[in-house]
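In what follows, a structure is listed as structure tokens, so that the remarks can point back to it.
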Amino acid sequence: NPEGIALIKENAARFSTRNLTVVEGAAPAALDGLPPLDVALIGGSGRRLPEILDIIGTRMHSGGRIVANAITMQTVAACLDYFHAHAELYTYEAIQVQISRLERVGPYDMAKALNPIYIITAQRK
């Protein structure tokens, strides 16, 4: 997603982030040749989450973190299934965040709920 990549780079420059490498391309193929990782951020895995997590796991430092964002229950389930099956390698937690946007309704402001977002964080033992 060229727009997403541009936004990440823009934010990295804005916040003077020097320890960020943007990997352009589709996972898992784009993950070949990655250096050892401290943190991996995953979003939009396209049903290849277990394979992506396997590859990231081979490059993850002890104590390294994986952060996956999910908007579908299938992705949440895939993350939880993976970390359950690899409990000897990872500790994890999952949270759900709910965001609302104020919408004007006559003289009132009403909070209109948006879809929930799940954030699954795992740490390599």
Sorted by chain and then number, the residues having a modelled amide H within less than 5 Å of the amide H of Y90, at least 5 places away or on another chain, are K125
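DSSP loop chymotrypsin sites (Phe, Trp or Tyr not before Pro) in the range 5-103 with at most 14 other Cβ atoms within 10 Å of their Cβ, which ones?
On the way: sites: F15, Y82, F83, Y90, Y92; in loops: F15.
For chymotrypsin sites (Phe, Trp or Tyr not before Pro) across the range 5-103 that sit outside H, G, I, E and B with at most 14 neighbouring Cβ atoms in 10 Å, the list reads F15.
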Relative to the chain, whose Cα atoms define the longest principal axis, helix 49-59 and its Cα axis are tilted in degrees, nearest 10, by 50 degrees
Distance in Å, no decimals, from the C-alpha centre of the range 30-86 to the one of the range 100-125 is 24 Å
A chain fully extended from R48 to A26 at 0.36 nm per residue, minus the present Cα-Cα distance, gains in nm 6.9 nm
With DSSP loop assignment and no more than 12 other C-beta atoms within 10 Å, the trypsin sites (Lys or Arg not before Pro) in the range 1-83 are R18, R47
Nearest 10, in degrees from 0 to 90: the angle of helix 73-85 to the longest Cα principal axis of the chain is 30 degrees
Note on the chain, DSSP bridge orientation, antiparallel percent to nearest 5 equals 80 percent
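Kindly provide the helix-only [θ] at 222 nm of the chain, computed as the sum of -39,500 (n - 2.57) over DSSP H runs of four or more divided by all residues, to the nearest 500 deg cm²/dmol?
Values: 3 runs with 37 residues, N = 125.
Mean residue ellipticity, 222 nm, calculated: -9500 deg cm²/dmol.
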Read-out P(r) over Cα pairs in 5 Å bins from 0, in percent, candidates (i) 2, 9, 13, 15, 16, 14, 10, 7, 6, 5, 3, 1, 0, 0; (ii) 2, 9, 17, 19, 19, 15, 8, 5, 3, 2, 1, 0; (iii) 2, 11, 19, 21, 15, 9, 7, 7, 6, 3, 1, 0; calculated match is (ii)
Listed by chain and number, the residues whose amide H is under 5 Å from that of I42, excluding neighbours fewer than 5 places away on the same chain and using placed H, are V67, A68, N69
Residue span T58 to R104: 0.36 nm per residue of separation minus Cα-Cα distance leaves a gain in nm of 11.6 nm
Nearest 10, in degrees from 0 to 90: the angle of helix 2-14 to the longest Cα principal axis of the chain is 90 degrees
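Bear in mind these aren't lab numbers, they're just calculated from the coordinates by the rules spelled out. Quick caveat, the model's predicted, so the values are computed rather than measured. All Cβ positions, even for glycine, are placed from backbone atoms using ideal geometry, and neighbour counts span all protein chains on display.
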